[in-house]
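Below you'll find the structure, written out as structure tokens, and then a few comments.
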Amino acid sequence: MNAANAEVTSHGRRVISGMNMGALPHMIPAARCAIWQRASRKIVFLGTRNLCGASAIRMGRGWFVHVGLDSSFGNAALPARVLANNDAVLANFGVGSALYVMGLI
């Protein structure tokens, strides 16, 4: 896993829109970006070059959804209440990504 500033892709914008999460920035620091080598099918929600900050890959008859963000969004000095709010944002993004691969948003 690698850290990178990940750009919201068109798939990511559809998740953000579908989950009514309009306040996210265009670039988001992703602490744990995945590099999916030889993945036959993938959807990238947040990414840069070959790094995927949030993505889904096809596995068997289902999908594996990876969201490599943490609640600090790259800022180690955030108060606990902000971190808790960011955790809720990440949970919504993860659920939205799962709903997206299911074709529900």
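Values in this text are rule-based calculations from the coordinates and carry no lab data. Quick caveat: nothing in here was measured; it's all calculated off a predicted structure. With ideal geometry, Cβ positions are generated from the backbone for all residues, glycine too; neighbour counts draw on all protein chains shown.
In the chain, the longest principal axis of the Cα atoms and the axis of helix 80-101 are about 20 degrees apart.
Averaging the sequence gap over all C-alpha pairs within less than 8 Å and six or more residues apart, then dividing by the number of residues, gives segment 2-101 a relative contact order of 28 percent. Cβ-Cβ distance of Asn50 and Asn20, R₀ of 41 Å, FRET efficiency by 1/(1 + (r/R0)^6): the value works out to about 0.85. Sorting Ser97, Ser55 from the fewest to the most surrounding beta carbons within 10 angstrom yields Ser97, Ser55. Length gained on full extension, Gln37 to Asn85: 14.0 nm, using 0.36 nm per residue less the C-alpha separation.
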